[in-house]
1. Of all residues being among the charged types (D, E, K, R) and within 21 Å of H453 (Cα to Cα) in segment 323-352, which is surrounded by the most Cβ atoms within 10 Å (Cβ to Cβ)? Just the residue, please.
2. Return the total of residues in segment 229-286 being within 20 Å of G485 (Cα to Cα) and either of a type in the set (F, W, Y) or more than 21 Å from the chain's Cα centre (by Cα) (or both).
3. Which of the residues that make up segment 208-233 are of a type in the set (A, V, I, L, M, F, W, C), part of a helix (DSSP H, G or I) and touching a Leu at 6+ places or on another chain (Cβ under 9 Å)?
4. Can you name the condition, by its number, that L206 falls short on among (1) on the phi < 0 side of the Ramachandran plot; (2) surrounded by fewer than 23 Cβ atoms within 10 Å (Cβ to Cβ); (3) modelled with pLDDT of 95 or more?
5. Looking at segment 314-322, can you tell me whether even one residue there is over 30 Å from I401 (Cβ atoms), surrounded by fewer than 23 Cβ atoms within 10 Å (Cβ to Cβ) and basic (K, R)?
6. Out of the residues in segment 411-436 that are more than 24 Å from L203 (Cα to Cα) and part of a helix (DSSP H, G or I), state the one that is farthest from the chain's Cα centre (by Cα).
7. Return yes when R102 is in a strand (DSSP E or B), surrounded by 18 or more Cβ atoms within 10 Å (Cβ to Cβ) and of a type in the set (K, R) and no when it is not.
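The values are calculated or read from the model by the stated rules, or taken from the named source; none is laboratory data. On a predicted model such as this, the values are computed, not experimentally measured, just so you know. Backbone-built Cβ (ideal geometry, glycine too); neighbour counts: all protein chains shown.
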Amino acid sequence: MLVPVKTAGNARPSGQRVAIIGAGIGGLGLAAMLAKAGFDVTVVEKNEGLGGRARQFTQDGFTFDMGPSWYLMPGVFEHFFGLLDERVEDHLHLVKLSPSYRIFADDGAVIDLEADPDKAASLFESIEPGAGAKLRRYLDASRYQYDVVMQNFMHKNFDTPLDFLTWRMVQAGTKLSAFTTMSRYVARFFKTPLLQKIMQYQLLFLGSSPFKTPSIYNVMGHIDFNMGVYYPMGGIHRLVKALADIARKHGAAIRSGVAVAKILVRDGMARGIRLADGDTIESDIVVSNADIHHTETQLLEEPWRSFTPRYWEKRQLAPSALILYWGLRGRADSLLHHNIVFNADWEASFAELFEGREWPRHPSYYVCCPSRTDPGVAPDDCETLFMLMPIAAQLDYSQAIVERMAAQMLEVVEERLGVTDLRARRVTSRTFSGAEFASDYNSFGGSALGLAHSLTQTALFRPNNRSRKVGNLFHVGAGTNPGIGMPICLISAQLAYKRIAGIRASRPLASLTA
C-alpha cells in the first residue's frame, strides 16, 4: 500500500532523506527542487560524468555533447529556474539559431527553416500552392493546443481516467484531435510529401512515429515555428552543470561513478539503496531517474515490481541510434548548426525503426555542427561533428555491422551534405551505438530514448511516477510522464516533486509550496 509523504498542508517538509538514482536532467532538476525545499538529498550516478544522456566529453581539443542538442521550449526552462529563485541568463548564454536548421530533401533540394511564421508560410506556399495559409491555420491550432496542454495536461499527475477527462479537456477535445495520429492530422493540411515530412520529423527526436503518435503532438509545430531553436554557448551540458550547481548550492550531495545494486524495501516502504560496492544509503524516500525497465527488473526484488515480464515484452521502444563524434580539420561550410537528411521512403523508414529487427535500409540522418555557432567547442579552423543515424532498438550491435553502417553514413554526409574528404580530415573520433546505450545508461533494448510515445504509451498509459507496490518510491525522467526531451524531463521533476511534497495542483507550480 502506498504511504505518501505526510506534510502539513503545503508546508515544506524538512530533514527527510531522499536518495535519487541517476543524475540525468530529471534527477538533477528534482534534486535542486527538493534540496531548496529542505530535504536532505543524495544523488548517485553510475557514470563519472553527470547528465545521463546529456553528458559531455572532450577529446583532442574538441568538445562533444553526447546526446540532446536541441534547446527548445525556453519558457519551460525559465519557469523551472524561477521556481528555484534563479534566472536562466545567470547560468546560460543562449543564442537563438537563425536559420533554425537545414533540410536536405530526398530530391536534392536544400531548405533552410526559420522560426518565423511569415517566412515559413512563404516557403510552404512556394512548395505547395495554398500551403502558406494552411500553415498559418495549423500553427494557430498548434498554439492553442500547446496552451491547453501546458496548463491542463503536462503539469498534472495521472492516476485514473478521470484525471485526464477533466471538463477543460472535454471542452477542448474537438480541437485537440487527440485520438488520431500525427500522419493523418498533418495530411489534412498538406499534400506534398516534403511538407508532411517537415511537420512530422520532430517526432523522431521524441522517440515517436508520426504513424503511431497521437496528433496532440502537433504542438511541436508551435514550438518549432513560433518559439524557435536555441543553443547554450559551451554546449547543452551547461544546463547539466547549472542544475548540479544549484542543487549543491542548497546542500544536495552528488556522487558520480557510483552504481546502485538494489533498492531497499522494508515493510512495503522504500528505505534506501544498496550500492554496487556493498555500502548502503538509508533514506525515507527513493527516486529513480534510471531506466524504468532496469529499475523494475534489476533494482527491485520480484515481489515489489509493478510490472510483469509480459508487460515489458509488449512495450514499444523508441529507436536507438548510431552516433559518430568526429573532430574535423578545416571547415564544413555546407552545414548549419542543425542539419537533417530526409529519405525517400518515409513510411517504410519509420516501420523499420519501430517494428523491425534489422538495420535500416531507408535511413534518415541528423548532423549537428555546433562549432558553426560556438567556435569554442573545436580548435581553430576545425569543426565538431555529431552525426546520427536512427536505428531500431534490440538489434545486433556487433562491431562489424556498426563499422559498415558508419561508413554508409559518412558517404551520405560527403555526397548529400557536401562535407568533402571526411576521412582524410578526421582529427579524432568516437562511435556510440545501441550497445553503449545499454551499458552506459542501462537502457532497455539499447534504446536511445526509452519508451516510444505511442497512443498506448502516453499520459495515463505511460508508467506512473510512483510505484504501485512500494511506498515512497518514485520515478522521474523520460520513462515516466510527461515523457522524452530536456524540457519535458524538467516538468517530470516538477510532477515528482508534487508527489513527494503532497501538492495536488494540476497547473504549473507557482512556487515550491503551491
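1. Among residues in segment 323-352 that are among the charged types (D, E, K, R) and within 21 Å of H453 (Cα to Cα), the one surrounded by the most Cβ atoms within 10 Å (Cβ to Cβ) is E352.
2. 2
3. I216, M220, I223, F225, M227
4. Single failed check for L206: (3).
5. Checked segment 314-322: no residue is over 30 Å from I401 (Cβ atoms), surrounded by fewer than 23 Cβ atoms within 10 Å (Cβ to Cβ) and basic (K, R).
6. Filtering first and then ranking leaves A424.
7. When the stated conditions are applied, R102 passes them.
Listed here are the residues, each with its yes/no results for (1) surrounded by 21 or more Cβ atoms within 10 Å (Cβ to Cβ); (2) touching a Cys at 6+ places or on another chain (Cβ under 6 Å); (3) not assigned by TED's automatic domain parsing to the domain that holds G130.
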position	(1), (2), (3)
Q196	no, no, no
Q200	yes, no, no
R248	no, no, yes
A253	no, no, yes
